[in-house]
Amino acid sequence: VKYVYFFGADKTEGGGQLRNLLGGKGANLAEMTAIGLPVPAGFTLTTELCTEFYRNDRRYPDGVREEVAENLRSLEMAMDKRFGDPANPLLLSVRSGSRVSMPGMMDTVLNLGLNDTTVQGLIDQSNDARFAYDSYRRFIQMYANVVLGMDGEVLEHILENMKETRGVDLDTELTADDLKQLVTLFKTKVKDTLGHDFPDDPEEQLWGAINAVFGSWMNPRAVTYRKLNSIPADWGTAVNVQAMVFGNMGNDCATGVAFTRNPSTGENYFFGEFLLNAQGEDVVAGIRTPQPIDKGSSDGQLPSLEEVMPECYQQLLDIRDLLEKHYRDMQDIEFTIENHKLYMLQTRGGKRTASAAVKIAVDMEKEGLIDKKEAVLRVAPEQLDQLLHPSLDPNACKEIIATGLPASPGAASGEIVFSAEDAENAAKLGLKVILVRIETSPEDIHGMNAAQGILTARGGMTSHAAVVARGMGKCCVAGCGSIKVDYKAQQFTTASGDVFKKGDVITLDGSTGEVMKGSVDTVQPSLTGDFGKLMEWVDQYRRLRVRTNADTPNDAAVARDFGAEGIGLCRTEHMFFEGDRIMAVREMILSEDVEGRKQALAKILPMQKGDFLGLFREMKGLPVTIRLLDPPLHEFLPHTDKELEELADVMKVPAKTLKHKVEYLHEFNPMLGHRGCRLGVTYPEIYDMQVQAIMEAACELIAEEGYEIVPEIMIPLVGHVAELKLLRARAIRTADEVISRYAAEVKYLIGTMIELPRAALTADEIACEAEFFSFGTNDLTQTTFGLSRDDAGKFLPSYVQREILPNDPFVTLDQDGVGQLVRIGCEKGRKSRPDIKLGICGEHGGDPSSVIFCHNAGLNYVSCSPYRVPIARLAAAHAAL
Ligand code: ADP
Ligand code: MG
Ligand code: MG
């Protein structure tokens, strides 16, 4: 087996297609080399080697050392330098890189191969002792932290002290002697801390770094990130060993990062930052304020690369074009300039916000880089969620306390916390928080995930906080330098001297960078423009229809704006709680006899009819499925003595009698109790009233408006065909009576929910009595797992965390179990009634992977909450493409 792949001008063994084997970084380094871009040569140890390494108890297979040595020789030839050579040393960078980019999973070690001998060679070669010792001290810092596992703060502290004693602010102001002295101080500290010398042997350094990269695959940060992003542990990481180029050799050198388009808004201009005389992570870590690449995007404070190094800028601009044409996607690149010579160090598909994703997809179609299908596939359904939520009301009054960089758009309000732990704990209590940090690091990911928004005092648009927040779709304001964060006092101070403490509420606007006092009003998003265009394409490709779950005309209107093509579930019980209707409902439930119930129902009838009129009107002839009363009656019972007494008054019965009745209606396991069609069987007058209200509303509207309305009457919780047979006959009688009374011509359908395993298993029988099925996957999940949704909160999260279950089955459909029942239900239903309409109305109707399942199972439609309608539409298109 080949475990090492070389890349260099004369020989490149890998390429973009080997992403799984070489990791994203390695594959792209090879690809860039192959298309002629200036990439320092190097070689990649494969992800397969990582997997072997763990399979063999952290040992390498035979022959790997020889393979690495051979590639190192090729590299020495390519660079005309020798690793460990006292006169002409080759220095290396050792970089991790898995299949998908994992920000901050593993830190890179730069300048590897330096020791007290080789540093002399570097001085002689470069004629620059300051540069050589700067590289050396950086190497020790990185190696001690990443490979030897020392706390990074320890050496950083020594560096800070040195700057203080020399009276300088920036490390670029330290002299060669200062840096040389630092090297000695660092080495002593390493020995004191770890009890052994810093390794001088380049060979030992190299293998130490390789081991550390492979080892980092299992470190807790990486494990957390993988879990959050569902990345399998057996993918492994690759290791890239590459010749160093130097951005820290003086002011004709630089290092930078850039996106080929703006990753926040998607605008088509070169978006990036660089630092002169700097190396590696300096830009991202925010040790100095970076300068813009493009003159156009400069605020005029600091000169752009375009102005400082016009030739390099032009070359970079050409590379930007070439990369976008080659990869047909927006790229995130890293580069270094050594003595005016440009080197490319990385390219990858750039992370972007939802609105940027939409704009870039639509623009690239226009530019001819991709076709419409590709454009649709470029936007992840889940990501749309970001676009569908409110942003700050431009007319709201707001008190701006500071302004930072608009690092990741959206609006968020919450209480201030200063640590990831506090953010996580507060979120567990259901509190909304804003995580405020001087800067964030990969250790903070769990806290960023828990917070509504992130505010940092330091760091640019490409800082850790900005990149991670954009990936998460979280609002972030970064580099807000005017606030002084004091972790100890748990507070920050604004430029005007106002103090904000932990627990105070602030609002962030990630689109403008503004930080505001208190919580600020928001407005609904606009769904036109690029978004509208993309959704047009989406609708061309999908087969699955998308309906919404809506109980009120208002919900229905929102959903129609989002593109809903009907109502898949109207829960009539919600109407029973409206205003003071509950009194009449309680009267009905607690009546002694049929007559009493009918009297109470007569009060409810006109209100229900009004509800249905509103819904039908809003849906203008689109299909509307109305579910007859479903929940156990006890949910409607009076809770307090006061409510009970009021009711007794209205009903003119003693409170005591009512109390008995309430106690009698109490159920031990109401979800499996007297609910759904069982109510229809024992209290038929309830369903009679509802069917009457539905049909009267339909008849009146048809006469009035002239469009067709075909109400779909849905009977819940059927387990046996006999229940449905009985209730259907009765509903038909009622409906036909209304129709003939109005002398109208109205069609209607009667169908059922499939939400009990027995119903799915006998769907062929049930279909004889049902013109449509709607899979109620919330209850079906409950009844298949024997898992109470209302009680699962106590143990289900730990099931997911310990990977006993892959997902929360109430969020993502359990395709193997519950999904099997859905498939059986579809198959058997269609067998008895080939034209039966099939839909799903559980929460799963808006979950992208479940939508794809529904497409494959051959359902006609999914129904989901209004805000998830566009997500379901896009997922349905992905399923069809
Ligand atoms: P990450 O995966 O965190 O982006 P990288 O492996 O890209 O880590 O390394 C981080 C930075 O280190 C790069 O952006 C670049 O500035 C610097 N770097 C990496 N390899 C080299 C190299 N061969 N020469 C000079 N700088 C390098
Ligand atoms: Mg890094
Ligand atoms: Mg990188």
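Rule-based calculations on the coordinates, nothing more; no lab input. This is a predicted model, so every value here is computed, not measured. We place every Cβ from the backbone using ideal geometry, glycine too, and count neighbours over all the protein chains shown.
Across every pair of non-identical alpha carbons in the stretch 4-243, the mean reciprocal distance, once inverted, gives a Kirkwood radius of 18.7 Å. List the residues of the stretch 197-212 whose backbone N lies under 18 Å from a point placed 7 Å from the Cα of Arg73 along the Cα-to-Cβ direction. Those under the cut-off are 203. Cross-link reach is defined here as a Cα-Cα straight distance under 25 Å, omitting same-chain residues fewer than 8 places apart; for Lys366 the lysines meeting it are Lys325, Lys351, Lys533.
Hey, rough spin-label estimate for Lys642 and Lys620, points 7 angstrom out along Cα→Cβ, what's it come to in nanometres? Going by the 7 Å Cα→Cβ label model, 4.5 nm.
Distance between the C-alpha centres of the stretch 228-269 and the stretch 465-530: 26 Å, rounded to the whole angstrom. Peptide packing: for 520-532, 499-511, the average count of neighbouring Cβ atoms within 10 Å per residue gives the ranking 499-511, 520-532, highest mean first.
Considering helices alone, the calculated mean residue ellipticity of the chain at 222 nm is -13500 deg cm²/dmol, with DSSP H runs of length four and up weighted by -39500 (n - 2.57) and normalised per residue.
Placing +1 on the Cβ of every Lys and Arg and -1 on the Cβ of every Asp and Glu, with nothing else charged, gives the stretch 390-523 a dipole about its Cα centre of roughly 120 debye. Applying Stokes-Einstein at 10 °C and 1.306 mPa s to the Kirkwood radius of the stretch 254-352, computed over alpha-carbon pairs, gives a translational diffusion coefficient of 119 µm² s⁻¹.
Sequence-distant contacts, meaning Cα pairs under 8 Å at least 6 residues apart, place the relative contact order of the stretch 515-603 at 18 percent.
The stretch 646-706 and the stretch 761-795 have Cα centres spaced 23 Å apart.
Taking a ≥ b ≥ c as the square roots of the eigenvalues of the Cα gyration tensor of the stretch 390-523, is the shape rounded (a/c under 1.5), prolate (a/b larger than b/c) or oblate? Here the stretch 390-523 falls in the rounded category.
Packing order of peptides 57-63, 262-268, 690-696, 157-163, highest average first: 690-696, 262-268, 157-163, 57-63 (average count of other Cβ atoms within 10 Å over each peptide's residues). Computed on the stretch 254-352, with alpha-carbon pairs under 8 angstrom and 6+ residues apart, the relative contact order is 28 percent.
Within a straight-line Cα-Cα reach of under 17 Å, Lys11 can be paired with the following lysines, leaving aside sequence neighbours fewer than 8 residues apart in one chain: Lys2. Here the spin labels are modelled as points 7 Å beyond Cα on the Cα-Cβ line, and at Glu578 and Lys488 they lie 6.1 nm apart.
Projecting label points 7 angstrom from Cα along Cα→Cβ for Asn56 and Asp294 puts them 4.9 nm apart.
Between the stretch 51-104 and the stretch 363-382, the alpha-carbon centres lie 38 Å apart. Selection among Tyr60, Ala411, Leu544 by position relative to the dipole of the chain gives Leu544 as farthest towards the positive end (Cβ unit charges, Cα centre). The length gained by stretching the chain between Glu374 and Arg802 to full extension, at 0.36 nm per residue less their Cα-Cα distance, is 150.4 nm. A viscosity of 0.890 mPa s and a temperature of 25 °C, combined with the Kirkwood radius over C-alpha pairs in the Stokes-Einstein formula, give the chain a diffusion coefficient of 79 µm²/s.
Dipole size of the stretch 172-245 about its Cα centre, with +1 on Lys/Arg Cβ and -1 on Asp/Glu Cβ: approximately 500 debye, rounded to the nearest 20. Simple point charges give the picture: +1 on the Cβ of Lys and Arg, -1 on the Cβ of Asp and Glu, and for the chain a dipole about the Cα centre of about 1760 debye. Compactness of the stretch 242-301 is given as radius of gyration and Dmax, 12.4, 36 Å, from Cα positions. Between Glu827 and Asp561, what length comes free when the chain is fully extended (0.36 nm per residue of separation minus the Cα-Cα distance, one decimal in nm)? My answer for the length gained is 92.4 nm.
Can you spot the lysines whose alpha carbon is less than 30 Å from Lys501's alpha carbon? Ignore those fewer than 8 places along the same chain. Hits, sequence-local ones excluded: Lys398, Lys428, Lys432, Lys474, Lys484, Lys488, Lys517.
For His326, His464, the sequence from fewest to most other C-beta atoms within 10 Å is His326, His464. Among Pro834, Ala557, Asn449, which residue has its Cα positioned farthest towards the positive end of the charge dipole of the chain, with +1 placed on the Cβ of Lys and Arg, -1 on the Cβ of Asp and Glu, and the dipole taken about the Cα centre? The residue sitting most towards the positive pole is Pro834. Put +1 on the Cβ of each Lys and Arg and -1 on the Cβ of each Asp and Glu in the chain; which of Phe668, Thr528, Leu206 then has its Cα farthest toward the positive end of the dipole? The listed residue farthest towards the positive side: Phe668. Counting every other Cβ atom within 10 Å of each residue's Cβ, His674, His340 order from fewest to most as His340, His674. Using C-alpha pairs under 8 Å with a sequence gap of at least 6, the mean separation divided by the residue count of the stretch 390-523 gives a relative contact order of 37 percent. For Ile754, the residues whose amide H sits under 5 Å from its own are Ser774, Phe775, Gly776, ignoring neighbours fewer than 5 places away on the same chain, with H placed 1.01 Å from N. Among 90-100, 780-790, sorting by the average number of other beta carbon atoms lying within 10 angstrom of each residue, highest first, gives 90-100, 780-790.
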